[in-house]
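Notes for the one structure printed next.
The values are calculated or read from the model by the stated rules, or taken from the named source; none is laboratory data. Quick caveat: nothing in here was measured; it's all calculated off a predicted structure. We place every Cβ from the backbone using ideal geometry, glycine too, and count neighbours over all the protein chains shown. The accessibility values were calculated without ligands, DNA or RNA, using every heavy atom of the protein model including side chains. Shrake-Rupley method; radii C 1.70, N 1.55, O 1.52, S 1.80 Å.
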Amino acid sequence: MELTQEQLNIIKTVHNTEPIIKINAYAGTGKTTTLVEVVKEIRNTDPKSRILYLVFNKMMAKEATSKFDGLKVQCFTAHAFALRRLRSLGEPVDVVTSGGFSTEFFNLKKEKPKFKYLTFKKFKLLMDTYTSVRDDLEEFIQYVQERGIEDTSFSDLDLEFFKTVYKNLLRQNKYTHGMYLKEYAINYHDKINDYDYVLLDEAQDLNPFMMDIIARVSRKKLYVVGDNYQQIYSWNNAINPMQRYDGELYPLSKSFRFNNEIRDVAHVILSLQDSYRISEAKITNVHNNTEYDESKVTILFRTNAAMLEKTINLVAYGEDKIKVHFMDMINGSETNSFNETFNEMLEFTKVLLEGSYGEDSETYKEFVRRFPVEIRSKVIKEYIKIA
């Protein structure tokens, strides 16, 4: 493929003295191809250099590993990199998912009757918020007491419970992904001298903790690559380093992905933002051929919960004989974990309906007719009893 002039301009930066290169890459503009060519140029001029590629999303980290094959680039998600560094310092870290800390939640409720009626929804909101802000535990508790979170207020009992569970997890060396990223970024100050070049991809979704970590990396050059109009993790307190880092901005604005019709619609929408009106480059395209398959429909979700809810509605109220399978986004293979989660949700709902309405109720019978599942999980039965 022939490189565009914008891509060539970026590749040439390997030879200049700028410590930070910012690349604003619109959708489909060959960002990954450009980074691969940048790395090839680095290898041509500095073959022994050590190169680090960081991105927020796990799928993109795996894809990058494949794209950079043979170029000796270490590819990590922000979380995986923080976990690796934390363990390299000798810290024992037992990574737990939401299921892991929910067990701690239910165990404490069982042990201490005063916590019996506290909800997991509030607890998880506290956990998600605390692991995305810089405050220490006491500062966070005080803030929530005074202001709440997202129009949700919390009792002193809610906050005591959260504080107890969080400390219990730390004492057992159990960390959620958000916990170990925050703990490493805030409480450790080691210098990272392992890399000469850092490629920071999807930078618009970087959270403040990762910026703290990158600041500790000794490097010759940092490439900050993002798209100001594709920030999807703002709910996770993501920031936009394109505005935080000093350095010349290089645009990638020629898209290989869509035709003129889509381009024109994008211009209308993006032009509503002041920053787009004064941007250095507008989206253009290199072809005008886009084929559509109107028989296929894709539905995008931000959360697993919303996806599972839609799935249940499709099966329960959609056309007959609808079958559901969750597929791996990377290679198209079946993803057992999502299928298992879906089945366990059905089992959980069945137990709740049986307890609330009884086996003879029409609500329970209708559910069993549509979802003939057996209650296989002892954990689900136990959680129902505790709750």
*With each label point set 7 Å from Cα along the Cα-Cβ vector, what nm distance links THR33 and ARG244?*
3.1
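Between ILE149 and ARG87, take the C-beta separation as r, use R0 = 30 Å, and let me know the FRET efficiency to the nearest 0.05. Write down the numbers at each step before the final one.
On the way: r = 31 Å, r/R0 = 1.04.
Between ILE149 and ARG87 the formula returns 0.45.
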*Would you grab the residues whose amide H sits under 5 Å from the one on LYS254? Only those 5+ places off in sequence or on another chain, please, with H modelled 1.01 Å from N.*
THR284
_Amide H of TYR175 versus every other amide H placed in the peptide plane: which residues, excluding those fewer than 5 positions away on the same chain, fall under 5 Å?_
ASP94, VAL95, VAL96
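Give, in nm to one decimal, the length gained when the segment between ALA305 and LEU3 is fully stretched (0.36 nm per residue of separation minus the Cα-Cα distance). Spell out each step's value before the answer.
Numbers: separation 302, 0.36 × 302 = 108.72 nm, distance 4.17 nm.
My answer for the length gained is 104.6 nm.
Just subtract the alpha-carbon distance of TYR117 and GLU18 from 0.36 nm times their residue separation and send over the number in nm, one decimal. Don't skip to the answer; put the middle values down first.
On the way: separation 99, 0.36 × 99 = 35.64 nm, distance 5.75 nm.
Here the answer is 29.9 nm.
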*Can you give the accessible area of LEU346 in Å² (nearest 10), computed on protein heavy atoms with a 1.4 Å probe?*
10
*So which of LYS112/LYS167; LYS58/LYS254; LYS122/LYS167; LYS116/LYS310; LYS124/LYS163 end up more than 21 Å apart by C-alpha?*
LYS58/LYS254; LYS116/LYS310
*With all protein chains present, how much of the accessible area of the stretch 28-152 (probe radius 1.4 Å) comes from carbon and sulfur, to the nearest whole percent?*
48
*asked:* Could you tell me the calculated FRET efficiency between ILE262 and ALA215, based on Cβ-Cβ distance and R0 = 22 angstrom, to the nearest 0.05?
replied: 0.05
*Any chance you could run the full-extension gain for LYS48 through LYS72? It's 0.36 nm times the residue separation minus the Cα-Cα distance, nm to one decimal.*
7.7 nm
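Quote the FRET efficiency, to the nearest 0.05, computed for GLU362 versus LYS163 with a Förster distance R0 of 45 Å and r equal to the Cβ-Cβ distance. Write out the running numbers ahead of the final one.
Values: r = 44 Å, r/R0 = 0.98.
For R0 = 45 Å, the calculated efficiency reads 0.55.
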